[in-house]
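Down below is the structure, laid out as structure tokens.
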Amino acid sequence: MNEISTLLQAFGGATSRIEGIEKLAGDLNSWYLQQPVERNFLHPCLIVGKPALVCQAGLSRNAGTAFTELEAIARRYGLYLKEDSRQRDDASILHNRRRNIGLVLSFCIGMMASSRAVTANDLQPVNAVHSIASQLAEPVNQMQAKLSVDKDGVSTIHLRQRLPPNAAQVMAAYSQKQSTLNSDPQAKTEISNFLSTIYQAESADPGNIRADFAVMADYFSHYPQAVSLINELRGQKLVLKYRQNTWQTQAFGNQFGVDSVTIYFDTRFGAQLLNDPGCDTTPACSISPADALLHELLHAKLMLLDSQHFIDGGGMAPTLYPFEHEHEVLNQENRLYQEMNQLDGRARPLRHRHSGELLQVSCPACTPTKQVASSDLSL
């Protein structure tokens, strides 16, 4: 399901037809990408038979410019714009949640319309991505502040975004910490067995997958945080399925619970998450397939271990994208990657929005840069 079909489904049965639904999807996507995650909620629906957009409660009061821009889009396409005032027990939402549905959450959302319901587009491999630079979200880099005083005594504060460390800096940091990075042999064996057990092999799958799992298990065994995450998922209804060029998590269930979760993976595809100048030559902008699997396991953890919270946040609703869940996963991802960075110096990127570009790598613990893929930085 893409953003256009989502809008068509949401507005199906409307008394008036919307002209230019493709352009509407693009305009909504542009609006979404300009907004911080805490206010980019949108819900396309019908109100009294008319196509409508429901935005965040209090948006006109708290973010007047964003509301005005959204209001102009709604007016352009003849939509009714309403600020959210619904309650949890809204009858229509409960009706929709009674349908068994599958929730698809991509590892990254390169081009996501804010009207997306429960589906996010798969990332495409690099040779199939068009104009990817314009689709990526702003990178999450800290701001540097510099105070200067001119000859008249006037103070000026200059702000600029801090660029990611280059490959040489990352390699130097990794070299310093490598000697203190120890593997847990028992955890390595247990994780390898766990991945192999939940993997549902198909005849067309590549023959290297189980060997790649062993490499991933060795990689994870160096990080207590990764070991702990995997231990939490033991005994849960979790499945791994190979799907070429894909990192994606899918939850199945209804408003009463999550029945199971499937992670679709490709052990030879990493992701570049930031798009700053020089990012194609530094691991500080990218993650390995093993790191990508950790992200998907965070999705699975929240879906399976805190199912009611996931459902209450719209996780299984067919016409609401679960922004709260997305935000929580990114917060946990940032904490996990930061803790791993402290241990090994690899400078995994921290971010605030699902975005990025999938890139092929030579091993499951390699990041998609030539310097790293050909070096000892892959464990």
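The values are calculated or read from the model by the stated rules, or taken from the named source; none is laboratory data. Computed from a prediction, not measured in an experiment: that's the story for all the values here. Neighbour counts are summed over all protein chains in view; Cβ atoms, including those assigned to glycine, are modelled from backbone coordinates with ideal geometry. Keep in mind that these areas ignore ligands, DNA and RNA; they rest on the heavy atoms of the full protein, side chains included. Shrake-Rupley method; radii C 1.70, N 1.55, O 1.52, S 1.80 Å.
Does at least one position in the stretch 355-366 carry a residue that is under 30 Å from ALA52 (Cβ atoms) and either modelled with pLDDT of 80 or more or open to solvent by less than 10 Å² (accessible area, probe 1.4 Å) (or both)? Scanning the stretch 355-366, I find at least one residue that is under 30 Å from ALA52 (Cβ atoms) and either modelled with pLDDT of 80 or more or open to solvent by less than 10 Å² (accessible area, probe 1.4 Å) (or both), so the answer is yes. Each residue in the stretch 284-313 was checked for being free of Cβ contacts under 8 Å to residues at least 40 places away in the same chain and more than 21 Å from GLY235 (Cα to Cα), and 1 of them qualify. Could you please let me know if SER196 is among the hydroxyl-bearing types (Ser, Thr, Tyr) and buried (at least 17 other Cβ atoms within 10 Å of the Cβ)? Considered against the rule, which asks whether it is among the hydroxyl-bearing types (Ser, Thr, Tyr) and buried (at least 17 other Cβ atoms within 10 Å of the Cβ), SER196 comes out as no.
Taking the stretch 231-295 and the strands (runs of 3 or more DSSP E) fully enclosed by it, the elements with 3 or more residues that are surrounded by fewer than 24 Cβ atoms within 10 Å (Cβ to Cβ) and touching a strand residue (DSSP E or B) at 6+ places or on another chain (Cβ under 9 Å) are at 238-242, 248-254, 257-265. Restricting to the stretch 45-68, name every residue that is open to solvent by less than 30 Å² (accessible area, probe 1.4 Å), in a strand (DSSP E or B) and within 13 Å of ASP84 (Cβ to Cβ). CYS45, ALA52, LEU53, VAL54, CYS55 - these are the residues of the stretch 45-68 that are open to solvent by less than 30 Å² (accessible area, probe 1.4 Å), in a strand (DSSP E or B) and within 13 Å of ASP84 (Cβ to Cβ). In this entry, ILE311 passes the filter for residues that are within 23 Å of PRO44 (Cβ to Cβ), of a type outside the set (Phe, Trp, Tyr) and touching a helix residue (DSSP H, G or I) at 6+ places or on another chain (Cβ under 9 Å).
Taking the criterion of being under 17 Å from LYS23 (Cα atoms) and small (Gly, Ala, Ser), the residues of the stretch 40-84 that qualify are ALA52, ALA72, ALA74, GLY78.
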